[in-house]
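Visitor: To start, I am sharing the structure in question, which I have written as structure tokens.
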2 protein chains.
Amino acid sequence: MKAKVTLVDGMEFRGTSGTGHTITMDADAPVGGRNAGLRPMEMLLVGFGGCTGMDVISILRKKRQNVTGLEMNVKGEQQDDYPHIFTEVHIEYVVKGKDVEQQAVERSIKLSLEKYCSVGATLAKAGTITNSYRIITE
Amino acid sequence: MKAKVTLVDGMEFRGTSGTGHTITMDADAPVGGRNAGLRPMEMLLVGFGGCTGMDVISILRKKRQNVTGLEMNVKGEQQDDYPHIFTEVHIEYVVKGKDVEQQAVERSIKLSLEKYCSVGATLAKAGTITNSYRIITE
């Protein structure tokens, strides 16, 4: 897996993934940025949501659950000292659908966080991951 | 720090960072995706390049180096077993400029990887990070 990241100007960088997708990263104004893109550490939280979301939706589909929507809210607490790694990450899963079984949701989250999700497993090496979920009937 | 990630359809997810930036993630075709966006694990490599790039350019500017371009090429090797974390990550820094001092480049990379870069410190908990650099006179 590959990526190329290039300075645009100021603190703005453009990243291109090996699969050909481009994104912009930038810093806050106090450190010379202009908020033209994501903070690099936000990339970890967004990537975590995508990673575990793909696992959870795949598993729920295999379990023939009638899921109409899935959303992950991710929050990270960073340590005060350098490097500001995430010491605590909480992820809330919001599953929308009809007759979605609580047990299926719990099982899919557990499988993702304990077995499949590579971004989650990486974050879990640096800090603690906690989770919660809500099921919304539509 | 926060993020929200929402299922679009198939394996496509839209992520929005707490600072208000949106990106698309998707899976490969063999696992039901359409490559509409980055793989979640690519987010880590792109984020790493941005994170350390911001450190390195800041330090080189403080050292009054005449840098006209900075590029990071990042490669990650994933373990075969689940979860497919990066066991090895190599980052190549390409610094372009005039009279850029080798010692300043080495020092900036060392400071970023050993002290400041939070994404790098996270990846270093899961695997080994190696680096190299090239200085191109423009």
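The values are calculated or read from the model by the stated rules, or taken from the named source; none is laboratory data. In this text the structure is predicted, and so the values were computed from the model without any measurement. Glycine also receives a Cβ, built like all others from the backbone with ideal geometry; neighbour counts cover every protein chain displayed.
Visitor: Take the range A:1-13 and flag every residue that is buried (at least 17 other Cβ atoms within 10 Å of the Cβ) and in contact (Cβ under 8 Å) with a residue 12 or more places away in the chain.
Guide: A:M1, A:A3, A:K4, A:V5, A:M11, A:E12, A:F13 - these are the residues of the range A:1-13 that are buried (at least 17 other Cβ atoms within 10 Å of the Cβ) and in contact (Cβ under 8 Å) with a residue 12 or more places away in the chain.
Visitor: Now a separate question. Consider the range A:1-13. How many of its residues are at the interface with chain B (Cβ under 9 Å from one of its Cβ atoms) and of a type in the set (D, E, K, R)?
Guide: Qualifying residue count for the region: 2.
Visitor: Let me ask you something else. Among (1) at pLDDT 95 or above; (2) out of contact with any Gly (no Cβ under 8 Å at 6 or more places or on another chain), which single condition is B:P30 missing?
Guide: Checking B:P30 against (1) at pLDDT 95 or above; (2) out of contact with any Gly (no Cβ under 8 Å at 6 or more places or on another chain), the one that fails is (1).
Visitor: Is there any pair linking a residue in the range A:15-39 that is facing another protein chain (nearest Cβ under 8 Å) and more than 13 Å from B:C51 (Cβ to Cβ) to one that is among the aliphatic types (A, V, I, L, M) and in a loop (DSSP other than H, G, I, E, B), with Cβ under 7 Å and at least six apart or on different chains, and which?
Guide: Filtered contacts from the range A:15-39: A:G18/A:M1; A:T24/A:A36; A:G32/A:M11.
Visitor: Evaluate the following for B:I129: is it closer than 23 Å to A:A124 by Cβ and not in a helix (DSSP H, G or I)? Step through it out loud before you land on a result.
Guide: Values: closer than 23 Å to A:A124 by Cβ: yes; not in a helix (DSSP H, G or I): yes.
It is true that B:I129 is closer than 23 Å to A:A124 by Cβ and not in a helix (DSSP H, G or I).
Visitor: Restricting the search to the range B:40-49, which residues are within 7 Å of chain A (Cβ to nearest Cβ) and either acidic (D, E) or in contact (Cβ under 8 Å) with a residue 40 or more places away in the chain (or both)?
Guide: Within the range B:40-49, B:M41, B:E42, B:L44, B:L45, B:G47, B:G49 qualify.
Visitor: Also, I was wondering about something else. Looking only at residues in the range B:78-87 that are exposed (fewer than 15 other Cβ atoms within 10 Å of the Cβ) and more than 7 Å from chain A (Cβ to nearest Cβ), which one is nearest to A:C117 (Cα to Cα)?
Guide: Looking at the filtered set, the residue picked out is B:D81.
Visitor: Being facing chain A (nearest Cβ under 9 Å), on the phi > 0 side of the Ramachandran plot and of a type outside the set (S, T, N, Q) is the requirement here; does B:G53 meet it?
Guide: no
Visitor: Restricting attention to the range B:43-59, does a residue exist that is within 28 Å of A:D80 (Cβ to Cβ), buried (at least 22 other Cβ atoms within 10 Å of the Cβ) and aromatic (F, W, Y)?
Guide: yes
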